[in-house]
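Student: I am attaching a structure below and will ask some questions about it afterwards.
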Amino acid sequence: MLAIIDYGAGNIRSVVNAFRALGAEPLVSNRPQDILKATTVVLPGVGAAGATVKSLNEQGLSEAISRVIEDGRPFFGICIGLQVLLDSTEEGGDEKCLGIIHGKVVKFPAGLKVPQMGWNQVKQVKPHKIFNGIPDNANFYFVHSYYAVPDDPDVVTGITEYGKPFCSMIAYDNVIAAQFHPEKSGEYGLKMYANFLKLAKGA
Amino acid sequence: MLTKRIIPCLDVKNGRVVKGTSFKGLRDAGDPVELASYYYKEGSDELVFLDITATPEGRKTMADIVERISEKVFIPLTVGGGISTTDDVQKMLRAGADKVSINTAAVVNPRILSEGAERFGSQCIVIAIDAKRLPGGGWQVYTHSGQKPTGIDAVKWAQKAVKLGAGEILLTSIDADGHRVGYDIELTRAVSETVSVPVIASGGAGSLEDLCKALLDGKADAVLAASIFHYEQFTIRQAKEFLRSQNIPVRL
């Protein structure tokens, strides 16, 4: 069963719609017990990382997420859902995040239009099944003011240029996370979710 | 590199697209769902819907339409028109909109911007500014669909709106709108150079060169257009190919 975590912040409808369009029947829930029962978990996110972490902690979801990832279940974090996986974020001072991926989340330097809003290319720096059928440097839709800097460069699978290159996609073991929004990125975005569903089925 | 966006705008009244479109390939060019799907497949980067219905029933209809569109159109959707409270914002986001544009309500009550940004994030709060040139220089903000002068300077209002929490500016020149004479480049540049968030130029597109000028000379991040696409004067693809030939990065 595919669960999409609804911690009450952003608009998750488009994520649900995208998975439904691919034939999945996601369970949308904010209850840790549902998330712990799921075989596959998606963590969407918009808004602020600090507020998101707080909300995940309060609802007991942070523990559930850590557990799901530790268990090796397929997990996909989107946008803020990627950022909260790191140790900490500069957003709102210096907020602690879930610490599942070591590293931090930092703000784009001054002089750039922030948020970065629009379509930008994702350079595939490592081959991965999540990219099946998606050309290198395909465009995806971004909306964000902060980006992740993982300590371990090996987890970075996608890089995007905005002012300078930054990590736009992470994939290792059972964890996949994108700084962009596949659900808003047209056909290639849907293809990425389809690849994730396939991976989750062990294909 | 971040690409420049091309955004068709659909005016919707009582659930129908107005400013009649003339697509040959569509069964019903007045159906916003069908038209949105068409533009999605054509390669639009985003879509903007302006609800020009003034009644509560009309707004309910708009939410239903957004719901249906978001089930099959996987690009960002912005909805504007009649958004006057953060509850209105929430309704549209819940229906499947990614952003809402706020115009008159933000002038009347600027707190809607800060409250909206706080509740839902700046990224979904678009400040829509309708501006008209003043004889002595500068631009004045108009509200109520461009009918009511406010005495507010458009550039200063843009700065204030961003400070309050708007994450993007939809900037329409009242002088140019509907005349296909080109965007107001000076206005676009004046605002774009003074704010840190993306600016969508709107009003006046009549040719592909106009799109190009707004992006290069006006320093806009995106261009909004209605008639040049609705009447099939140009396709989205033609527009993007032209921009690319002018060395403007686009998603093709």
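Student: How do B:R68, B:R94 stack up against each other in accessible area, from largest to smallest, with a 1.4 angstrom probe? Display every interim value, and only then the final one.
Tutor: Details: B:R68 120, B:R94 160 Å².
I get B:R94, B:R68, largest accessible area first.
Student: What does the charge add up to near B:E71, with Lys and Arg as +1, Asp and Glu as -1, over the other residues with Cβ less than 10 Å from its Cβ?
Tutor: +3
Student: First check a/c for region A:114-203, with a ≥ b ≥ c the square roots of the eigenvalues of its C-alpha gyration tensor; if it is under 1.5, answer rounded, and if not, answer prolate when a/b is larger than b/c or oblate otherwise.
Tutor: oblate
Student: Normalising by the residue count of region B:100-206, find the relative contact order in percent from Cα pairs under 8 Å and 6+ residues apart.
Tutor: Relative contact order here is 25 percent.
Student: Amide H to amide H under 5 Å from A:V28: which residues, 5+ apart in sequence or cross-chain, H placed 1.01 Å off N in plane?
Tutor: A:I4
Student: Residues of region A:161-203 losing 30 Å² or more of accessible area relative to the isolated chain, 1.4 Å probe, heavy atoms only?
Tutor: A:K184, A:G186
Student: In deg cm²/dmol, rounded to 500, what helix-only [θ] at 222 nm does chain B give when every DSSP H run of at least 4 residues adds -39500 (n - 2.57) and the total is split over its residues?
Tutor: Calculated mean residue ellipticity at 222 nm is -11000 deg cm²/dmol.
Student: Then there's this: Which value results for Rg/Rh of chain B when Rg is the Cα radius of gyration and Rh the Kirkwood radius based on the inverse mean 1/r?
Tutor: We get a ratio of 0.94 for chain B.
Student: Follow-up question, since we're still on this one. So, for region A:8-63, what is the accessible surface per residue at a probe of 1.4 Å, expressed in square angstrom? Show your work: numbers first, answer last.
Tutor: Numbers: 2400 Å² over 56 residues.
It amounts to 43 Å² per residue over region A:8-63.
Student: Under the definition of partner shielding as Cβ atoms of other protein chains within 10 Å of a residue Cβ, what is the mean value for peptide A:138-145?
Tutor: On the way: counts 1, 7, 1, 8, 1, 10, 1, 6.
So the per-residue partner count for this stretch is 4.
Student: Taking every DSSP beta bridge with both residues inside chain B, roughly what % is antiparallel (nearest 5)?
Tutor: 25
Student: Where in chain A are the DSSP H helices whose alpha-carbon span along the long axis reaches 18 Å or more and whose Kyte-Doolittle mean is at least 0.0?
Tutor: Numbers: long enough: A:186-200 (21 Å, 0.10).
Counting only whole DSSP H runs, the qualifying helices are A:186-200.
Student: Using only the heavy atoms of the protein chains and a 1.4 Å probe, how would A:E187, A:E63 rank by accessible area, largest first?
Tutor: Per-residue accessible area, sorted high to low, gives A:E63, A:E187.
Student: On the full set of protein chains, 1.4 Å probe, figure out the accessible area of A:R13 and give it in Å² to the nearest 10.
Tutor: Answer for A:R13: close to 70 Å² accessible.
Student: Using a 1.4 Å probe on the protein chains only, how many percent of the accessible area of region A:2-200 belongs to carbon and sulfur?
Tutor: Accessible surface attributable to carbon and sulfur in region A:2-200 totals 49 percent.
Student: On to the next question. Can you list the residues of region A:45-60 whose accessible area drops by at least 10 Å² going from the chain on its own to the full set of protein chains, with a 1.4 Å probe?
Tutor: A:V46, A:G47
Student: Now for a different question. Ordering B:T235, A:T39 by accessible area with a probe of 1.4 Å, largest first, what comes out?
Tutor: A:T39, B:T235
Student: Round to a whole number: what % of the accessible area of region B:73-220 belongs to carbon and sulfur, probe 1.4 Å?
Tutor: Heavy-atom surface of region B:73-220 belonging to carbon and sulfur, 1.4 Å probe: 48 percent.
Student: Counting only the heavy atoms of the protein chains, how much of A:Y146 is accessible to a 1.4 Å probe, in Å² to the nearest 10?
Tutor: Roll a 1.4 Å probe over it and A:Y146 shows about 30 Å².
Student: Given an 8 Å cut-off on Cα distances and at least 6 residues of separation, report the relative contact order of region A:1-129 as a percent. Show your work: numbers first, answer last.
Tutor: Details: 201 pairs, mean separation 26.4, N = 129.
This gives 21 percent for region A:1-129.
Student: Measuring from centroid to centroid over Cα atoms, what is the spacing of region A:29-80 and region A:143-185 in Å?
Tutor: 18
Student: Over what distance in Å are the Cα centres of region B:127-149 and region B:84-113 separated?
Tutor: A separation of 20 Å, based on Cα centres.
Student: Put one equal scatterer on each alpha carbon of chain A, apply the Debye formula with no solvent term, and list log10 I(q)/I(0) at q = 0.09, 0.10, 0.14, 0.19 1/Å to two decimals.
Tutor: Those come out to -0.29, -0.36, -0.73, -1.49, one per q.
Student: On to the next question. Report the accessible area of B:K219, computed with a 1.4 Å probe over the heavy atoms of all protein chains in place, in Å² rounded to the nearest 10.
Tutor: In the full protein context, B:K219 sits at about 100 Å².
Student: For chain A, what does the helix formula give at 222 nm: sum of -39500 (n - 2.57) over DSSP H segments with n ≥ 4, over the residue count, nearest 500 deg cm²/dmol?
Tutor: One gets -7500 deg cm²/dmol as the mean residue ellipticity at 222 nm.
Student: Considering only DSSP beta bridges whose two residues both sit in the protein assembly as shown, what percent are antiparallel, to the nearest 5?
Tutor: 45
The values are calculated or read from the model by the stated rules, or taken from the named source; none is laboratory data. Predicted model only: the values in this text are computed from it and were never measured. No Cβ is skipped: glycine too gets one built from the backbone with ideal geometry, and neighbour counts run over all protein chains shown. Ligands, DNA and RNA are excluded from the accessible area calculation, which covers all protein heavy atoms including side chains. Shrake-Rupley method; radii C 1.70, N 1.55, O 1.52, S 1.80 Å.
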